[in-house]
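Chemist: Before I ask anything, here is the structure I am working with.
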Amino acid sequence: MFSATIARKVVHCVCRTSSLRPAVSTVISRGYRGDAPDPTIIEIPLPPWQERPGEPLEIKRKRLLYESRKRGMLENCILLSLFAKQYLNTMSESQLKQYDRLINEPSNDWDIYYWATAEAQPTPDVYRGEVMDMLKEFTKNKDMEQRLDAPDLEYLDKSS
């Protein structure tokens, strides 16, 4: 396994000879990043989450719906897309802000999954709130629904 220093030098050399900008540099902190199992693992820097002031609520809902469906892991794709289908259109502006932060600030999708399901990990204070409570309740699946796939997109077509 490469050390972080060696890997960084290799990337910089490759980028310098091919006129590409290096993709690996200083890791940008995003509040909560999860526990890295090995400190020598290189993390690809992610842009920090930023609130989008002035974004119209309808655009925010559409963006959050897309981001709920397109996750880094299938479990969250299913969980968050079904949650979004049920709750997104009725969320208040403050709830939408909480949901936006919850699904976009943490860099590790597994953290979101563990916070929401069976409280396998304690939820950090910054993500505790009304929306996290709604998500935790939703994951209990008290009605015993089959949740095997993300919902079809037909429900988005308001003309039917």
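The values are calculated or read from the model by the stated rules, or taken from the named source; none is laboratory data. This one's a predicted model, so the numbers in the text were calculated from it and none came from an experiment. As a convention, Cβ positions derive from the backbone with ideal geometry for all residues, glycine included, and neighbour counts pool all protein chains shown. Heavy atoms of the whole protein, side chains included, go into the accessibility calculation; ligands, DNA and RNA do not. Shrake-Rupley method; radii C 1.70, N 1.55, O 1.52, S 1.80 Å.
Chemist: Identify, please: which residue in the stretch 104-122 is assigned to a helix (DSSP H, G or I) and open to solvent by 30 Å² or more (accessible area, probe 1.4 Å) and is, among those, farthest from ARG71 (Cα to Cα)?
Modeler: First, the residues of the stretch 104-122 that are assigned to a helix (DSSP H, G or I): 104, 109-116.
Next cut, open to solvent by 30 Å² or more (accessible area, probe 1.4 Å) only: 104, 110, 113-114.
Working: ASN104: 10, TRP110: 11, TYR113: 11, TYR114: 15 Å.
This residue is TYR114.
Chemist: Which of the residues belonging to the stretch 123-140 are within 17 Å of the chain's Cα centre (by Cα), farther than 17 Å from SER92 by Cα and not in a helix (DSSP H, G or I)?
Modeler: THR123, PRO124
Chemist: So MET144 fits all but one of (1) surrounded by 12 or more Cβ atoms within 10 Å (Cβ to Cβ); (2) assigned to a loop (DSSP other than H, G, I, E, B); what number is the exception?
Modeler: The failed condition is (1).
Chemist: I'd like the residue in the stretch 77-97 that is in contact with a helix residue (DSSP H, G or I) (Cβ under 6 Å, 6 or more places away or on another chain) and crowded, with 20+ Cβ neighbours inside 10 Å and, out of all such residues, is nearest to GLU137 (Cα to Cα).
Modeler: Filtering the stretch 77-97 for residues that are in contact with a helix residue (DSSP H, G or I) (Cβ under 6 Å, 6 or more places away or on another chain) and crowded, with 20+ Cβ neighbours inside 10 Å, the one nearest to GLU137 (Cα to Cα) comes out as PHE83.
Chemist: Quick test for you: out of LYS97, LYS62, pick the one residue that is closer than 25 Å to ARG128 by Cβ, modelled with pLDDT of 85 or more and more than 12 Å from the chain's Cα centre (by Cα). Please lay out each step first, then the result.
Modeler: Values: LYS62 fails: closer than 25 Å to ARG128 by Cβ.
So the residue among LYS97, LYS62 that is closer than 25 Å to ARG128 by Cβ, modelled with pLDDT of 85 or more and more than 12 Å from the chain's Cα centre (by Cα) is LYS97.
Chemist: To continue, here is another question. Check LYS140, LYS136 and return the single one that is among the basic types (Lys, Arg) and either out of contact with any helix residue (DSSP H, G or I) (no Cβ under 7 Å at 6 or more places or on another chain) or closer than 20 Å to LYS62 by Cα (or both). Reasoning before the result, please.
Modeler: On the way: LYS136 fails: either out of contact with any helix residue (DSSP H, G or I) (no Cβ under 7 Å at 6 or more places or on another chain) or closer than 20 Å to LYS62 by Cα (or both).
Answer to the check: LYS140.
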